[in-house]
1. Could you look through region 703-713, keep only residues that are surrounded by fewer than 23 Cβ atoms within 10 Å (Cβ to Cβ) and out of contact with any strand residue (DSSP E or B) (no Cβ under 6 Å at 6 or more places or on another chain), and pick out the one that is nearest to residue 578 (Cα to Cα)?
2. Pull up region 296-323, narrow it to residues that are under 15 Å from residue 259 (Cα atoms) and in contact (Cβ under 8 Å) with a residue 24 or more places away in the chain, then point me to the one that is farthest from ligand 1 (Cβ to nearest atom).
3. Count, please, the residues in region 451-465 that happen to be more than 23 Å from residue 507 (Cβ to Cβ) and either touching a helix residue (DSSP H, G or I) at 6+ places or on another chain (Cβ under 6 Å) or not in a loop (DSSP other than H, G, I, E, B) (or both).
4. Does region 167-178 contain at least one residue that is within 16 Å of ligand 2 (Cβ to nearest atom) and touching a residue at least 24 places away in the same chain (Cβ under 8 Å)?
5. Residues in region 421-436: is at least one out of contact with any helix residue (DSSP H, G or I) (no Cβ under 7 Å at 6 or more places or on another chain), in contact (Cβ under 8 Å) with a residue 60 or more places away in the chain and outside the structural domain of residue 455 (by TED's automatic domain parsing)?
6. If we scan region 714-722, do we find a residue that is outside the structural domain of residue 842 (by TED's automatic domain parsing), more than 15 Å from residue 772 (Cβ to Cβ), in contact with a strand residue (DSSP E or B) (Cβ under 9 Å, 6 or more places away or on another chain) and not in a helix (DSSP H, G or I)?
7. Output the qualifying pairs, or none if there are none: Cβ atoms under 7 angstrom, residues six or more apart or on different chains, first residue in region 100-114 and assigned by TED's automatic domain parsing to the domain that holds residue 222 and under 18 Å from residue 203 (Cβ atoms), second residue in a loop (DSSP other than H, G, I, E, B) and within 14 Å of ligand 2 (Cβ to nearest atom).
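The values are calculated or read from the model by the stated rules, or taken from the named source; none is laboratory data. Values in this document were obtained by computation on a predicted structure and should not be read as measured data. Neighbour counts run over all protein chains shown; Cβ positions are idealised from the backbone, glycine included.
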Ligand code: ADP
Ligand code: MG
Ligand code: MG
């Protein structure tokens with residue numbers, strides 16, 4: 001069985017395509033060798049060997065040995081050196097390399113093959129004893145750390161002591177003699193710590209290091225990293241064994257790292273650092289300050305140390321041309337590692353460079369301009385959810401931050417404001433032109449107006465799908481929820497933070513909904529800037545996608561935001577949100593508390609003009625684009641006061657007896673409101689509510705058409721249907737009002753009648769429901785609740801446990817459960833379309849803005865997705881990627 005692939009001498013057995021077998025590092029080393037770039041010869045032990053190692057009680061396959069030794073013989077031939085030889089010794093680097101870059105695994109071991117004898121040979125050979133002893137002390141330190149498990153800090157201490165004793169500032173000041181002394185101290189230390197002498201046999205060193213790489217695949221840091229990043233355990237790591245080249249070989253040697261473009265801005269300029277007379281990780285370890293690669297970089301950093309461009313012009317020119325070649329070859333920005341040994345350049349690694357979202361956009365757009373990639377490639381390269389970084393203000397990372405608490409990052413972006421503990425306070429403060437952060441234990445629908453007034457929301461209880469989180473995401477304002485280490489003390493109007501810090505009402509706080517941090521005071525922010533690159537990329541995305549993207553928008557402000565982010569309509573307008581604002585809640589309560597139909601109608605008559613004017617605004621803003629209005633959905637008691645205090649307050653305001661109000665509230669109480677008297681059930685019990693809403697909708701449509709000159713593309717959505725007869729009944733009411741309004745005004749408004757598919761029965765009976773429904777909107781929040789039988793409001797209590805115990809992978813309220821809920825959706829879509837070929841299909845709810853869920857929607861051929869306004873660009877991009 002073949003366990004080993006070789007590379008070197010201008011060719012390789014593998015290539016970049018073999019990343020699963022060779023790991024990322026090995027695959028790219030092979031690719032660079034194939035390109036004829038200067039890569040020290042080496043071999044890669046396949047990831048399969050890692051699986052074998054663990055399947056066989058942490059041992060190595062018998063036939064691996066011979067293959068590795070044959071590979072080393074090849075390196076010996078190419079370099080003219082001998083592994084373990086007493087003259088011209090070949091030294092090796094042992095490097096781990098998994099399929100995905102994975103911090104937390106074994107570090108690299110350099111200079112392997114040195115011992116008391118070969119160190120002399122290396123020194124003689126190079127006529128440089130200092131270089132040899134420097135390499136040996138590095139090797140002992142690294143090997144002891146990663147193979148023998150002795151903390152490298154104790155070696156650092158020895159080295160520091162030695163430098164101090166000799167009056168040196170830098171490692172490079174130590175002489176050969178002094179380094180030899182350090183090596184002696186190191187070896188003694190190992191005997192004391194480990195009870196064994198440092199292995200002198202290069203072959204023992206070699207197999208020790210290889211086994212250590214495999215073993216590190218299962219070390220706790222690596223296991224944690226994999227579970228966080230969903231990297232499968234069975235992938236395993238490869239091991240790269242490579243001939244050493246030496247950046248620590250005097251002043252004409254150096255080691256460095258570079259990005260082929262600026263990873264934070266995307267600017268097309270080589271960006272990197274190097275250190276003269278250094279090896280391996282010295283550049284990033286901060287022992288000495290590294291120098292800029294380019295003169296330009298040196299000037300902009302204000303450093304007086306010469307750049308590589310100045311110091312090693314020949315190697316630099318070659319390096320620049322290799323970087324250009326790598327970019328052209330990989331058609332992407334690269335992150336490279338290199339070493340110069342006595343003037344000769346060696347490439348040690350290349351991979352696609354990590355970058356900020358802003359840089360990713362600029363690089364993708366520039367590369368289209370440079371003819372390197374197509375517009376569709378550019379669209380495919382941007383991670384949709386990373387757009388969040390661009391759409392919201394973010395905390396300026398350069399400033400010092402004092403974190404006083406933390407919770408879940410529920411809605412991205414950062415904002416600062418004065419603390420307000422109630423919705424009313426927030427509204428008042430906003431009216432006076434002050435910025436506020438609404439701080440609550442948790443929020444409820446009654447807090448909506450306060451949430452609208454706030455710059456950010458902080459709760460001490462609740463999960464990612466709590467009311468505060470969902471509403472904040474919908475409104476696009478930063479939100480941190482479940483900050484359990486902070487306590488709201490309402491009586492004293494203060495927020496008690498860990499460490500005894502206390503903030504009073506009116507004190508400034510900053511909420512960072514991207515990290516979950518809460519910071520004291522007002523921290524400087526970077527404002528989003530939707531630059532030209534963003535616009536270009538979105539244009540290309542729009543060309544590539546098939547599905548339309550709409551927004552969930554309940555208010556004119558939402559609708560404006562939706563349009564500015566490129567929404568092509570409103571997929572869901574939740575009319576109940578209009579009833580919580582200001583005095584409307586009073587009229588709404590009058591309606592709910594009325595004892596008969598006449599009383600309800602009287603209150604509804606007062607609500608009609610308010611609702612009509614809201615709809616008129618909404619329709620006008622959308623200017624002829626489709627707008628889906630959903631009839632009243634939540635159970636009525638959501639509009640009523642809950643605590644005794646609130647009951648008394650409301651009773652006083654409504655001039656009624658508190659006792660009466662309390663009895664009515666109790667009468668409306670439901671045990672499972674989510675499964676209770678809500679949705680179309682309300683429109684059936686109280687048809688006058690739906691009739692008022694229908695009238696407001698039609699009259700507004702007429703007014704808006706007059707104002708804008710564009711007919712409204714109107715869709716009326718009936719919620720929580722499970723029976724066709726329910727829909728027939730409600731549609732009957734709407735049709736009647738439509739006819740009435742037409743008679744009164746002489747204008748007939750066309751509309752589509754549709755239903756939410758959010759109950760399993762509706763999905764199953766979709767072919768029957770489609771006889772009446774002209775469109776379906778998949779309400780995946782409720783459909784997930786009703787399919788799983790899990791209440792979204794209570795899920796936070798156990799979903800994290802489920803995830804930790806591996807029962808489920810993903811929170812089904814965040815990413816659509818494709819196997820269950822998804823299957824219901826595709827079944828309903830198919831059955832519905834069988835009945836009605838032109839049935840319009842869309843998805844609303846949180847999943848409409850989730851990239852994986854969007855991919856699924858494309859696969860099953862939905863017509864549109866609808867999500868909160870701030871996620872519209874994400875959805876546009878994700879829909880494009882799904883279609884490409
Ligand atoms: P990481 O995955 O942590 O980047 P690497 O395997 O790339 O680990 O090794 C880290 C550093 O070690 C490299 O950047 C390089 O400076 C040095 N190194 C690795 N292999 C060699 C080699 N064959 N010759 C010289 N230096 C090497
Ligand atoms: Mg590396
Ligand atoms: Mg619903």
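1. The first filter runs over region 703-713 and keeps only residues surrounded by fewer than 23 Cβ atoms within 10 Å (Cβ to Cβ), leaving 703, 705-711, 713.
Filter once more, so that each one left must be out of contact with any strand residue (DSSP E or B) (no Cβ under 6 Å at 6 or more places or on another chain): 703, 705-711.
Values: 703: 19, 705: 22, 706: 23, 707: 22, 708: 23, 709: 26, 710: 24, 711: 23 Å.
Among those residues, the one meeting the criterion is 703.
2. Initial filter on region 296-323 (under 15 Å from residue 259 (Cα atoms)): 296-297, 308, 316, 319-323.
This time we only want the ones that are in contact (Cβ under 8 Å) with a residue 24 or more places away in the chain, so: 296-297, 308, 319-320, 322-323.
On the way: 296: 24, 297: 19, 308: 15, 319: 14, 320: 19, 322: 15, 323: 16 Å.
This residue is 296.
3. Within region 451-465, the first condition is being more than 23 Å from residue 507 (Cβ to Cβ), and the residues that meet it are 463-465.
Then keep just the ones that are either touching a helix residue (DSSP H, G or I) at 6+ places or on another chain (Cβ under 6 Å) or not in a loop (DSSP other than H, G, I, E, B) (or both); that gives 465.
Of the residues in region 451-465, 1 are more than 23 Å from residue 507 (Cβ to Cβ) and either touching a helix residue (DSSP H, G or I) at 6+ places or on another chain (Cβ under 6 Å) or not in a loop (DSSP other than H, G, I, E, B) (or both).
4. To start, the set of residues in region 167-178 that are within 16 Å of ligand 2 (Cβ to nearest atom) comprises none.
Within region 167-178, none of the residues are within 16 Å of ligand 2 (Cβ to nearest atom) and touching a residue at least 24 places away in the same chain (Cβ under 8 Å).
5. Checking region 421-436: not a single residue is out of contact with any helix residue (DSSP H, G or I) (no Cβ under 7 Å at 6 or more places or on another chain), in contact (Cβ under 8 Å) with a residue 60 or more places away in the chain and outside the structural domain of residue 455 (by TED's automatic domain parsing).
6. no
7. Listed pairs, sorted by first residue: 110/279; 110/280.
Residues are listed down the side, and each one gets a yes or a no for (1) free of Cβ contacts under 8 Å to residues at least 40 places away in the same chain; (2) in contact with a helix residue (DSSP H, G or I) (Cβ under 6 Å, 6 or more places away or on another chain):
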{"residue": "449", "(1), (2)": "no, yes"}
{"residue": "467", "(1), (2)": "no, no"}
{"residue": "489", "(1), (2)": "yes, no"}
{"residue": "492", "(1), (2)": "yes, no"}
{"residue": "495", "(1), (2)": "no, no"}
{"residue": "501", "(1), (2)": "no, no"}
{"residue": "506", "(1), (2)": "no, no"}
